[in-house]
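Structure record follows, encoded as structure tokens.
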């Protein structure tokens, strides 16, 4: 699919000159920093040297004092506490963090993960009834609960206090809970709004440590779990998230918890792990149990301490992920065929597909796969509990949550973010929803949003690709949303030798530019289809990321090609 290259703004020349001079770096690197909001020497120091001292005071969050006081009361009074979390990576790491830390202070802890199929997302009636039957006096919900108005009322009717730790957008009415920790709630002046669900749980534990003079190093040993949640939930890696991810990656690479260590081993990961390693290898395996069976297997792995146990649980997650891949592939093929064989669907501005036997656990992944082929807002629906339930994914710049809300009259419930959402509706409403959603998207989306966008940071000569620049770029990690790996463009490059197609889909080549005889090795994953473009002209433009390649112990720089255009 043809992409539109969008060059980011070039910063003010005076600021550029000043930052370049104060940091003693070239103007290209200074430009990349300014684009990321780093404009002074002190800001650069904070950016390049994240510190746990940069974390905000947890008591700046609304209701934190109430939440911490209630948690202390429950622990010191030996009350039974239920830790309730969602079934995705953010939810299971949240539960594992809270349970793993608090078990040193209480033996009255239990955890609960809802079943994706029988209970659905968030706090469930079954979960509250279970808590009541077990004599639970306090529930701490993690990565869910901000819209659970009726479930909070049910808990209250049973005399159960509820502390909600969530990071999703609240609805018009807040639940009547004992305390609500959510930096996105109205009136909350907490300085950082983009914590993961696990991050909000971490802040509660940080407050608990501060109030009880507990050395926070006891909490920081769990930062590998927080980092996995940040990477997998695709939250911005800036501010507090950058600090938490930076130290979480250190923990993950040097002394991960036994469960994550076993998962790293079974995933055959080698070398230093980064955010990408989590997103593509660890996260999917942790997610797989909740997608196919039950997510308590993931919590068992992440809270286990015995090596033989973790090895068994890691193998279970690995096998479930392989099974998930098979479902994913089959359903994606069916979905794409439904679009390609229907003229009306093919020409639409949105994709809304329904099939009653699609596996509920993978429809979110299928929605993302469909966007790779047909770049437009996509909703994949299946049947569950005699209702249609679905996952929505959007394209850059389009608020799919807002679009779904305009179809609210046809829905039973919905929730989520700007780029991803979940929804449930009566089966008989599916055709009307397909029609209305298409009308909403067609009238609100601008044409350029339907063309994939490749954001380019900077135009450079190929000579920029040297180790001196690379070592500074490397220190800009961890990379992720709002601090993506820089994408650079080199104009009018040419082939040094004939390109080679590897494993049918990848493109390997050596590049050079006029006036510079140096050879620049390059690889384009999934770009074999661009071979005709490269061969049709002596010169072409490449968009790339600079990376280090290691082969048989030898390290060298290479260009990771993201796109190619005729010069």
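In the distance distribution for the stretch 454-566, Cα-Cα pairs more than 25 Å apart total 19 percent. Rounded to the nearest 10 degrees, the angle from helix 283-292 to the longest Cα principal axis of the chain is 50 degrees. Bridges between two residues of the stretch 273-390, per DSSP, are antiparallel at a rate of about 50%. Modelled this way, with points 7 Å down the Cα-to-C-beta line, the labels at residue 531 and residue 24 are 4.9 nm from one another. Compared with the dominant principal axis of the Cα atoms in the chain, helix 223-232 is inclined by about 60°. Once the Cβ-Cβ distance of residue 2 and residue 309 is raised to the sixth power relative to R0 = 56 Å, the FRET efficiency obtained is 0.65.
DSSP bridge analysis restricted to the stretch 454-566 gives an antiparallel fraction near 90%, rounded to the nearest 5.
Which FRET efficiency, nearest 0.05, do residue 215 and residue 519 yield, Cβ-Cβ r, R0 35 Å?
The computed FRET efficiency comes out at 0.05.
Mind jotting down the distance between the C-alpha centroids of the stretch 443-480 and the stretch 311-350, whole Å? If we compute the Cα centre of each part, the gap is 29 Å. Please report how far the C-alpha centroid of the stretch 221-266 lies from that of the stretch 363-378, rounded to the nearest whole angstrom. With the stretch 221-266 and the stretch 363-378 each reduced to a Cα centre, they are spaced 27 Å. Angle of helix 307-340 to the longest C-alpha principal axis of the chain, folded into 0 to 90 degrees and rounded to 10: 70°.
Just from its helices, what would the mean residue ellipticity at 222 nm be for the chain, if runs of 4 or more DSSP H residues each count -39500 (n - 2.57) and the sum is divided by every residue, rounded to the nearest 500 deg cm²/dmol?
-12000 deg cm²/dmol, from helical runs alone.
For the pair residue 356 and residue 466, the difference between a 0.36 nm per residue extended length and the Cα-Cα distance amounts to 34.2 nm. Put a dot 7 Å past the Cα of residue 104, heading toward its Cβ, do the same for residue 504, and the two dots end up 5.2 nm apart.
In summary, the stretch 342-450 shows an alpha-carbon radius of gyration equal to 0.95 times the 2.2 N^0.38 Å reference for compact globular proteins. Ranking of 399, 326 by neighbouring Cβ atoms within 10 Å, starting from the fewest: 326, 399.
With a Förster radius of 60 Å applied to the C-beta separation of residue 60 and residue 539, the computed FRET efficiency comes to 0.65. What whole number of Å gives the distance from the Cα centroid of the stretch 1-42 to the Cα centroid of the stretch 397-421? Taking the Cα centre of each part, the stretch 397-421 and the stretch 1-42 sit 36 Å apart. Per-residue extension of 0.36 nm, minus the Cα-Cα distance of residue 482 and residue 435, leaves a gain of 13.5 nm for this segment. Remark: spin-label model distance residue 408-residue 386 equals 2.7 nm, labels positioned 7 Å along the Cα→Cβ axis.
Under the definition of Cα pairs under 8 Å and six or more residues apart, what whole-number percent is the relative contact order of the stretch 54-318?
After rounding, I find 21 percent.
Take 146-152, 309-315 and order them by the average number of nearby Cβ atoms within 10 Å per residue, most first; the result is 146-152, 309-315. Gain on full extension, evaluated as 0.36 nm per residue between residue 156 and residue 427 minus their Cα-Cα distance, stands at 94.3 nm. Exposure proxy ranking for 79, 2, based on other Cβ atoms within 10 angstrom of each Cβ and starting from the fewest, stands as 2, 79. For the chain, the share of DSSP beta bridges that are antiparallel, to the nearest 5, is 60%.
Read-outs throughout are calculated quantities, based only on the coordinates presented, and are distinct from any laboratory measurement. This is a predicted model, so every value here is computed, not measured. For neighbour counting, all protein chains shown are included, and Cβ atoms are generated from backbone atoms with ideal geometry for every residue, glycine included.
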